[in-house]
Amino acid sequence: MPWLYLKGIFTGDFSEALAALLGADAPGLSATTITRLKADWWDDYNRWSKRDLSARRYVYFWADGVYFTPRMDEDRQCMLVIIGADEWGNKDVLGLIDGFRESTQSWRELLWDLKRRGLEAAPELAVGYGAMGFWAALHEVYGKTRVQRCWVHKTANVLNALPRSVQPKAKAHLKDIWMAETKAEANAAFDFFIEA
C-alpha cells in the first residue's frame, strides 16, 4: 500500500485502486484507515531513523543519491542513502533522508546524524559516485576513511565514452576487473580489457 501512495493514489481513491488490483470482492480501505496507516508508516520511519547504531561496527559504507518523482509532483526528489556493512558482510540501510540534490551540506547532515546515533568509529572504506558532495562531507565527519569510486557508476561512465557496438563486450570485461578476487586477477582482466 505504501507503493500506491508513492505512485500518486490519493487517500480517497485507495478502495477503487485495491479493487482494480485485487478484484471487485476485495475489502476496500476507507480514507480514514489510509490516513491512519500513513501516520503509522511515518511513525515507523521516525523510530527507524532514530534507532541506536552503536551495537555494531560498520567497516564499509556505500553512499548514493537516488532520484525519483514522488506522487504527482513535477520536481524530482533526491533521497540520500547510506548502506553499511560489518566485518562479516552483513548489510543494513543506516540512513535515508531527502537531500538537496547531492550537496555536501545534505551529506554532512546525514553523516553527523549517524555519528550522533552511535557510529563513532570511522568505516574503513566508503564507496560512492564521483560527482557528489559525499566526499567532502565524509572527510569532515570521518576523516580517516579511505574512498573508492563506485564501479557501477564508473562502468556507466566508461561505456558512455565508447561506441554502442562495443559496449556489451566492454561491459563484460569491466565486470571481470571489478569482480576479480585478487589484485593479480584484476590486473590481468584490466590488461585483457585494454587489448580487446
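Summary of computed values
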read-out	value
Vicinal HN-Hα couplings computed from phi for the stretch 156-164 (Karplus, 6.51 cos²θ - 1.76 cosθ + 1.60; Hz; Gly/Pro x)	4, 5, 5, 4, 5, 8, 9, x, 4
CD proxy at 222 nm, helix term only [per DSSP H run n ≥ 4: -39500 (n - 2.57); per residue of the chain; nearest 500]	-14000 deg cm²/dmol
Relative exposure of TRP62, TRP42, TRP151, judged by other C-beta atoms within 10 Å (fewest first)	TRP42, TRP151, TRP62
Selection from VAL158, ASN187, HIS173, by position along the positive dipole direction of the stretch 152-195 (Cβ)	VAL158
Calculated FRET efficiency for the pair ASP25/ASN160, C-beta based, R₀ 45 Å, to 0.05	0.35
Prolate/oblate/rounded call for the chain, Cα gyration tensor, a/c under 1.5 rounded	oblate
Which of MET79, MET132 has the fewest Cβ neighbours within 10 Å, and the rest in rising order	MET79, MET132
Inter-label distance, nm, simple model (7 Å from Cα along the C-beta direction), VAL152/GLU181	2.4
Scattering curve values for the stretch 71-151, log₁₀ I(q)/I(0), Debye with Cα scatterers, q = 0.13 Å⁻¹	-0.41
Förster radius 30 Å - calculated FRET efficiency between LYS171 and SER54, Cβ distance, rounded to 0.05	0.15
Zone of ASP191's modelled label, taken as backbone nitrogen in the stretch 155-180 under 19 Å from a point 7 Å along Cα→Cβ	173-180
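Read-outs: derived from the displayed coordinates by stated rules, not from any lab. Quick caveat: nothing in here was measured; it's all calculated off a predicted structure. Neighbour counts are summed over all protein chains in view; Cβ atoms, including those assigned to glycine, are modelled from backbone coordinates with ideal geometry.
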